[in-house]
4 protein chains.
Amino acid sequence: MAGSCFGKQFRVSTFGESHGKALGVVVDGVPAGMDLCEEDIQSMLSRRKPGQSLYTTKRDEPDKVEILSGVFEGKTLGTPIAMVVYNKDQKSKDYSAIKDVFRPGHADFGFYEKYGFRDYRGGGRSSGRETVGRVCAGAIAKKALAFLGIDVCAYVKSIGPVSVASFDREEIFKNPLFMPDADASKKAETYLNACMEEKDSAGGVVECVISGMPAGVGEPVFDKLDARLAQAVFSIGAVKGFEIGEGFGAALLRGSENNDGFKVCGDKVVKETNHAGGILGGISDGDDIVFRAAFKPTPSIAQKQHTANEALEELDIEITGRHDPVIVPRAVVVVESMAAITIFDALLENMLSGIDGIADFYKKDK
Amino acid sequence: MAGSCFGKQFRVSTFGESHGKALGVVVDGVPAGMDLCEEDIQSMLSRRKPGQSLYTTKRDEPDKVEILSGVFEGKTLGTPIAMVVYNKDQKSKDYSAIKDVFRPGHADFGFYEKYGFRDYRGGGRSSGRETVGRVCAGAIAKKALAFLGIDVCAYVKSIGPVSVASFDREEIFKNPLFMPDADASKKAETYLNACMEEKDSAGGVVECVISGMPAGVGEPVFDKLDARLAQAVFSIGAVKGFEIGEGFGAALLRGSENNDGFKVCGDKVVKETNHAGGILGGISDGDDIVFRAAFKPTPSIAQKQHTANEALEELDIEITGRHDPVIVPRAVVVVESMAAITIFDALLENMLSGIDGIADFYKKDK
Amino acid sequence: MAGSCFGKQFRVSTFGESHGKALGVVVDGVPAGMDLCEEDIQSMLSRRKPGQSLYTTKRDEPDKVEILSGVFEGKTLGTPIAMVVYNKDQKSKDYSAIKDVFRPGHADFGFYEKYGFRDYRGGGRSSGRETVGRVCAGAIAKKALAFLGIDVCAYVKSIGPVSVASFDREEIFKNPLFMPDADASKKAETYLNACMEEKDSAGGVVECVISGMPAGVGEPVFDKLDARLAQAVFSIGAVKGFEIGEGFGAALLRGSENNDGFKVCGDKVVKETNHAGGILGGISDGDDIVFRAAFKPTPSIAQKQHTANEALEELDIEITGRHDPVIVPRAVVVVESMAAITIFDALLENMLSGIDGIADFYKKDK
Amino acid sequence: MAGSCFGKQFRVSTFGESHGKALGVVVDGVPAGMDLCEEDIQSMLSRRKPGQSLYTTKRDEPDKVEILSGVFEGKTLGTPIAMVVYNKDQKSKDYSAIKDVFRPGHADFGFYEKYGFRDYRGGGRSSGRETVGRVCAGAIAKKALAFLGIDVCAYVKSIGPVSVASFDREEIFKNPLFMPDADASKKAETYLNACMEEKDSAGGVVECVISGMPAGVGEPVFDKLDARLAQAVFSIGAVKGFEIGEGFGAALLRGSENNDGFKVCGDKVVKETNHAGGILGGISDGDDIVFRAAFKPTPSIAQKQHTANEALEELDIEITGRHDPVIVPRAVVVVESMAAITIFDALLENMLSGIDGIADFYKKDK
């Protein structure tokens, strides 16, 4: 398994290079009987489309998704759903300047060392464009979760030194940086404009909240729900850190500060606080799941950088063309997608945990 | 797959409850022809044994490992290696006080919600004792890596507010907190003594360095080497954050500060700096891999805490018995184990990346 | 994954060599809340014990199983169940005669070519003794199936040229050959006695019937229920053929003869005949599942045989010691075990097929 | 994992319904650096195209494959290869007669019971058209095997009562039934013409020979090479039996007849005979691998048949339109594909068996 498959029950296999013919995904394990149409996918996919603001590459791609299989008369069949997005703007511009050069901060060197051969056009498979397939699969998972009453919502928490100070969910889609705080968004734009003028780039943090989550979901030991989320989110290019609940801050707290007490609320036990971030011992505790991912600054910058090439020569390069000065805003929908895929996969697996649930299921059929 | 299996090629299946008959592991995929004996496992396992310092539980367990299969005449057979550690000190002390109570910060509630039934003796499967099997498997992986010239070394980076300021590898095993800095260790002991007096506990950070790593290892997209490390490390109980290289700090840097240039060194291309932490685009870049994990404070504290029980009653509990006031030092060898398992697994998978390597392998046999 | 793991949801990992310290299995994915005790396992395991008749090796092994984990207060915890059987009679007899020789019909040569190193004591991992772990896991699966109203029953259909002509389920456990026909069993014994006198061995066929099976179970395409049964049964040493329903005979029939019509029976649709053997298009059709496996004659025979050794010398060998002149009767419980594991695994997976079943499951919890 | 993925290292995910928009496959784990172009796929795919003889459906499909990803400048990138074949002739003919009826011998009933919803147009996912993706993936595996000196060749062994009596490899592609014996092919055509006149259908047997196979490939226990082949081949629709070497015939032989002696040939040990069919103990023995699969007669026949529908009514149906009177000839290339996928997958996995091979691989890079 060479790394382009994810999920155990809801099984996602993505494909495609940045400047190849198409990108896409096959999802095996989508339950039958779900309403699904191309618009469900398209509306989510359009959120990651390039060219929507000053702060994203202007590559011109309509990113129109086509469902090739697995849906019949508006409903999922239980068979694999293949989705494809053809590349339009993949004409070979001139790559001779970087064809055999290892761009700092990029995956070029690793791919070359691993395969001895690489697609140098726009990063090939290591491009952010690879996430097209993830978002298509994520759209299905999000729709399935919504049907179960579970919501997944990600947004930009900080860009460079600018963090959000308030939370207004409506605001997220009103500013180009997908921040839930209009003031912070303004300040971040100012910061980004300065970066761009200095031919430099910025990083930031995405936060994600999953609400409506039932308690008891996640597998103990290696497949803890937070461990799977960690892999899912860390598999997004440029992520350098992942934390849940208090995260790294928990290392500084005392047990008496970090523990969440329990109380009774109607016929349910619930936590009094949520330092844990909704997961205890790898299993959901019924509270909101809250995690954060740190993204490094975009490695493609127009400043001169020192590097080497395949011929073992050192040289300086300047990366031309317009690149996203920050990838954090466009990563929001990708984080949401990976979270949705992971959570739905865990919900499926959790159904097999107890013999009584299994007996109920089969009794129903008799 | 209910979560107790890990690894794709080097396949680890652990078992055992805190107060059950035994704990252990079966490892399938250990290559044939490796020298291996019980002492190789025991020496690593003894590093996580309880009762070795003031700061660990005094449960009396010899933790003697027995290899049941897969080794013949001192060499691995290529068949599964089963290893078992019998529990000695599992006599049922009186659990009536916590039997149906959800301890704050523990996995009790999640297990109860998931399975409707749980082993209340010492946390059962959610106990830190579950890591016995991981360390046994990790010892094999570490030995295999050493044979390939790769070293894995973890240590305590900080406890509560006390961080190490210098690095002396020899020092790690000289102090009870496994810190590479004798001064910091002293200060951390003082801090822990205060915590204990206040019936409280502390968290901290473990850092791990993998050196001697060849470039080109790791699978792009979902099985990025750092994504797999993230899952591996996050699957250790009490981990709340994971970061690599600059980690969360990278979100604050500019691209020009965070990018690592390349240079030529003999007949190899190497990086000039290591902000990336040894992995670019999910593939090792030939530099040291450096990651950190944040651990929360031990949830078992002797202070009075508010909680609820299975009968939907609220109550206060005080957790008696001596518990580790900090689990970070004992987690060091577990982090090392999970890192070794992950890295060796990735090295195996990487062998299948190119057709020329495959042809070489089979030509050899002809 | 080096081949000792089986099952997707009910995940079986076996270990152990013929003359090693112990054999056993870890089963991950056993649902919580099932009644389970060692006697449930032991009663099934004892059916494959050596030394029970004239026709089995007289190796003296009590084959006493010990449950090490996953069961608490008589119920499964949902955590991995590890089971171990220590070898008693593994004293090294003198293997010098066959140590470096490739026995005809055995796995010796393949293991040597694959690993360059092998456990020559009684075949090591390739011994029939490897099936101890399978039967322990199979006992759990059989118990779970019984709870769901599903029965798995295997028996000997033929030995050499002697086939059963009638079916009396009670009879199966009354004769040493596990045939459901007392007359056939007598004739087969006569045949086997002749084989033994001529220092030769015999093969035969095992048939297995799974009744009480709900319709709709099995995954289309690669994980068809019969395809998984084929792998499961073919993974038993000495199996050379597998067929379902009319099997190879179907190749000779016309469509009009082989098709099973449907009829309505109460509120259910059922088949009029069962040429299909209970599976259509890889999915159970509600009828009995009926399959057969062909076993080759025991390769260990006392006649002189021509072969070669590791030193590339040709030589003649005579295999001494008493060996089963036919392995078919002892394979019956192994076939039953593999069938039960496969069917239960498929039942678990099938629960995830439809969005309505999933919504029902989670609504229940709300 | 809902059943449309196959292979562990060479990972195949197929998609598509008979009358949906497209069919295809994503293959993850194709090694980098292989020469590959669409013609490599097309030439194999064209062998399964409908309408090539009297004995196949006349559905008009060009079955033109398009490679969407994973190939750059004529070489594989090591990234997933997605291949798609658009359906042309999928106009909805009138399905009202069979829309809610369970056709005897078809998967209709199982799909309905499993999913509660099905694509009734031409069988949907259960159609033989599903194999388009398998053949595309098989073409890559066959090419990789050829590079390693391994050949996979399947052909029709028998149709109804007519078996081949001689073997002429050239002949296979000269007759419409893909039989290696011109006389047998003639007789089989006569037999099929009679079946068609009687509105009936026939079954048959496909045999497959894999030559050039190195010894030592295959994983012991559950992933025996023959067990994986059994699953691979049994996953093809209409297969009812699978056997290797002497197969079911071995059950009738004595050990002295069935065992293959070894001899020394140059610097290699080889078998004197090949009753085993090239696999011993689940591991290749260096000899040709020879297996057979039994196919049932095509279930779609024009005769009147009794059946039931979703409304629980009994009725008679006559299946109109021209259907293949035998599917065996068109299955040949599918058997070859599944064999090639399975063998190449096993060769990849086998590379991880010994520590010396691993050390050699990484030393090479240093």
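If one takes the longest principal axis of the Cα atoms in chain D, at what angle in degrees, from 0 to 90 and to the nearest 10, does the Cα axis of helix D:328-350 lie?
30
Applying the Karplus parametrisation 6.51 cos²θ - 1.76 cosθ + 1.60 with θ = phi - 60° to the phi angles of the range B:11-24, what ³J(HN,Hα) value in whole Hz is obtained for each residue in order, glycine and proline being reported as x?
9, 9, 10, 9, 8, x, 10, 3, 10, x, 5, 7, 10, x
Determine, from the Cβ-Cβ distance of D:ASN274 and C:LYS268 and an R0 of 51 Å, the FRET efficiency 1/(1 + (r/R0)^6), rounded to the nearest 0.05. Don't skip to the end; give the middle numbers.
Details: r = 49 Å, r/R0 = 0.95.
That pair, D:ASN274 with C:LYS268, gives E of 0.55.
Report the rotationally averaged projected area of the range A:278-338 based on its alpha-carbon convex hull, in square nanometres. Before the final figure, lay out the partial values.
Working: hull surface 29.0 nm².
Mean shadow area of the hull around the Cα atoms is 7.2 nm².
At what distance in angstrom do the alpha carbon centres of the range A:12-80 and the range A:166-242 lie from each other?
22
Please state the relative contact order of chain D as a whole percent: Cα pairs under 8 Å, 6+ residues apart?
Details: 729 pairs, mean separation 73.0, N = 366.
Contact order relative to length: 20 percent.
Sort all Cα-Cα distances of the range C:256-301 into consecutive 10 angstrom bins from zero, then give the percent of pairs in each bin up to the one containing the longest distance.
That works out to 23, 40, 16, 12, 6, 1, in percent per bin.
Taking every Cα atom in the range D:261-366, find the radius of gyration and the maximum pairwise distance Dmax, and write them in Å.
Answer for the range D:261-366, Rg first and Dmax second: 24.2, 73 Å.
How far, in degrees from 0 to 90, does helix A:225-234 lean away from the longest principal axis of the Cα atoms of chain A, to the nearest 10?
That works out to roughly 10 degrees.
According to the Cα gyration tensor, what semi-axes, each the square root of 5 times an eigenvalue, does the equivalent ellipsoid of the range B:1-76 have, listed from largest to smallest in whole Å?
They are 25, 18, 11 Å, listed from largest to smallest.
Using each residue's phi in the range D:268-279, evaluate 6.51 cos²θ - 1.76 cosθ + 1.60 at θ = phi - 60° and report the 3J(HN,Hα) Karplus result to the nearest Hz, with x for Gly and Pro.
10, 8, 9, 7, 7, 9, 9, 4, 5, x, x, 9
Mark the label point 7 Å from the Cα of B:ALA97 along Cα→Cβ and return the residues of the range B:106-139 whose backbone N is within less than 20 Å of it.
Hits in the range B:106-139 for B:ALA97 at 20 Å: B:106-109, B:119-124, B:127-128.
Considering only the label points, 7 Å along Cα→Cβ from Cα, what distances in nm to one decimal separate A:ASP356 from the same position in each other copy, shortest first?
So the distances to the same position in the other copies read 2.5, 5.7, 6.1 nm.
Checking the a/c ratio against 1.5 first, then a/b against b/c, what shape does the Cα gyration tensor give for the range C:123-188?
On the way: a/c = 3.15, a/b = 1.29, b/c = 2.45.
Oblate is the answer for the range C:123-188, as a/c is 1.5 or above yet b/c matches or exceeds a/b.
What are the label-to-label distances in nm, one decimal and shortest first, from C:LEU315 to the same spot in the other copies, with labels 7 Å along Cα to Cβ?
The projected label point of C:LEU315 is separated from its counterparts by 6.4, 7.2, 7.4 nm.
Over its Cα atoms, what ratio of radius of gyration to 2.2 N^0.38 Å does the range A:56-193 give?
On the way: Rg = 19.6 Å, N = 138, 2.2 N^0.38 = 14.3 Å.
In units of the globular-protein estimate, the range A:56-193 measures up at 1.37.
What angle do you read, to the nearest 10 degrees and between 0 and 90, between the alpha-carbon axis of helix C:182-197 and the longest principal axis of chain C?
The angle comes out at about 30 degrees.
Per residue, what volume in Å³ does the Cα convex hull of the range C:174-237 take up? Can you show the working numbers first?
Numbers: hull volume 7.2 nm³, N = 64.
Given the Cα convex hull of the range C:174-237, per-residue volume reads 113 Å³.
Grab the alpha carbons of chain C, take their convex hull, and tell me the volume per residue in Å³. Intermediate values should be presented prior to the final figure.
Working: hull volume 60.7 nm³, N = 366.
Per residue, the Cα convex hull of chain C comes to 166 Å³.
Can you give me the P(r) profile for the protein assembly as shown? Cα pairs, bins 20 angstrom wide beginning at 0, each as a whole percent.
In order of increasing distance, the bins hold 10, 39, 38, 12, 1 percent.
Bear in mind that the values in this text are calculations on the coordinates, not laboratory data. Treat the numbers as computed from the prediction; the structure is a model and nothing was measured. All Cβ positions, glycine included, derive from the backbone under ideal geometry; neighbour counts span all protein chains shown.
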